[in-house]
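Beneath this line is the structure, given in structure tokens, with notes to follow.
The values are calculated or read from the model by the stated rules, or taken from the named source; none is laboratory data. Remember, it's a predicted structure, so these values are computed and weren't measured experimentally. Glycine also receives a Cβ, built like all others from the backbone with ideal geometry; neighbour counts cover every protein chain displayed. With ligands, DNA and RNA removed, areas are computed over all heavy atoms of the protein, side chains included. Shrake-Rupley method; radii C 1.70, N 1.55, O 1.52, S 1.80 Å.
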Amino acid sequence: MTFNRILPAAVFLGALIVLFLALPARDSLGRPLPVALALGAAFGIVLQRSRFCFWCNAADWFRDRNPSGLIAILAALAAGAVGHWVIAGAWLPDPSTGRLPPDAHIGPVSLTLAAGAFVFGLGMAVSGSCISAHFYRLGEGAYGSVIALAGAAVGFVLGFLSWNWLWLNDVISARVIWLPAFLGHDGALVLTLTLIGALWLILRQRGAGASTPAGRWPGVLGGLLVGFIATLAWFRIGPLGVTAELGSLSRTAAVDLGLLPDTLLGLDGLRGCATVVKEALLSRNGVFVLGLVLGAAAAAHAAGDWKPAFPAVRDVPRLFMGGVMLGWGAMVALGCTVGVILSGIMVGALSGWVFAVACLAGAWTGWRLRAARQSA
């Protein structure tokens, strides 16, 4: 590791340490902000070093039948499912009471959820990343992600504007299905691990051979670490998610501009990456995302992956429109690949599986459209 790598990496790590010491001990809801920063930094480092990117992993499979990235996601789900099983069993020993575990991302299963996930998958294909990967790629110097995230903010506003119609015509009648309420904690874990194992076997049998990008951590290691971080996050600060702060900033700006209706029907009573009109500067999710970006930047510099790049002018509309799809999909689905797939499936929410299937279908559709356009 050369001095040119060590110095900037040390600067970002130093910034994380200063912020850790300077942050208030807790936010307005009593959640520890320094812990959120530390977990965000760890998450960013793992994402960057293991290339844990839902779109990249899916595209590797679509293009080359390389299963390593998707297997990494399955490893994260398996590790996190075990961790969430331990916590949920301790917090709510009898899951059949009709209560849900605290803050868990267990959303309603609806056509709106599937539509949002499908559009989110399209947005991944168009913009080149999911929202969490756009954040960690900021730490690698991919400034095109700024355009995509700006588009996502607009997409959130469009989602808020469409929400009341979706609520009245679909979401209001949807059921919230938590598998442990029907199968018990142990039964839900066995079912989850069985599905994950079956998917792993399919990927191994149909894959063309796994490979790890040069200089990166093995995907399975990254996945296991993601599952561990997700478990710690739920135990200490809340379920893993990356869109709540972006959505809250978008909602606050739209309210200030008088763009939104006075009431967003039922929204604030649903589980997921909650958005609120911001009344405090610091939030646990905002601090988590800040830690993610700084942690990814430190890891990228240390590994020589810091490669600043501005998007070509012709790519700006694509990045922005892909971001709009990401934002709209994340808003109406109450989260993204991290907040719904990871946190949802880990805790036993059927909504996580529905999002995963619809999102993968959207990603495949987007990949096919891009491939057809490039070959034309």
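Results, tabulated for the structure shown:
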{"item": "Cleavage-rule hits (chymotrypsin sites (Phe, Trp or Tyr not before Pro)) in segment 103-175: DSSP loop, at most 15 neighbouring Cβ within 10 angstrom", "result": "Tyr143"}
{"item": "Solvent accessible area, Å² - Lys307, 1.4 Å probe, full protein context", "result": "140"}
{"item": "Whole-number accessible area per residue in Å² for the chain, which is evaluated in the context of all protein chains at 1.4 Å", "result": "43"}
{"item": "Accessible carbon and sulfur surface of segment 224-376 relative to its total accessible area, %, 1.4 Å", "result": "66"}
{"item": "Around Met325: net Lys/Arg minus Asp/Glu count, Cβ-Cβ under 14 Å", "result": "+2"}
{"item": "Top positive-direction residue, dipole computed over the chain with Cβ charges, set Gly323, Cys53, Val18", "result": "Cys53"}
{"item": "Length gained when the stretch Asp262-Phe20 is fully extended (0.36 nm per residue, less Cα-Cα span)", "result": "83.4 nm"}
{"item": "Around Pro108: net Lys/Arg minus Asp/Glu count, Cβ-Cβ under 15 Å", "result": "0"}
{"item": "Accessible surface of segment 78-164, 1.4 Å probe, proportion on carbon and sulfur as whole %", "result": "72"}
{"item": "Within segment 335-361: backbone nitrogen closer than 20 Å to the Ala198 label point (7 Å, Cα to C-beta)", "result": "341-342, 344-361"}
{"item": "No Cys partner within the rule (Cβ under 4.7 Å), the chain", "result": "Cys130, Cys273, Cys336, Cys359"}
{"item": "Compactness of segment 35-145 as Cα Rg over 2.2 N^0.38 Å, two decimals", "result": "1.27"}
{"item": "Reciprocal of mean inverse Cα separation for segment 84-168 (Kirkwood radius, Å)", "result": "15.8"}
{"item": "Approximate spin-label separation Asp94-Arg314, in nm, with each point projected 7 Å along Cα-to-Cβ", "result": "6.6"}
{"item": "Gaussian network model of the chain, Cα within-10 Å springs - most flexible of Leu294, Leu246, Leu201", "result": "Leu201"}
{"item": "Cα-projected label distance for Ala361 with Asp64, points at 7 Å along beta-carbon direction, nm", "result": "2.9"}
{"item": "Dmax and Rg, reported as Rg then Dmax, of segment 228-349 (C-alpha, Å)", "result": "16.5, 49"}
{"item": "Equivalent ellipsoid, the chain (semi-axes from 5 times Cα gyration tensor eigenvalues, Å)", "result": "28, 25, 24"}
{"item": "Ranked by how many other beta carbons lie within 10 Å on average, peptides 70-77, 220-227, 345-352, 11-18 from highest", "result": "345-352, 70-77, 220-227, 11-18"}
{"item": "The chain, helix-only ellipticity at 222 nm - DSSP H runs n ≥ 4, -39,500 (n - 2.57), divided by all residues, nearest 500", "result": "-22500 deg cm²/dmol"}
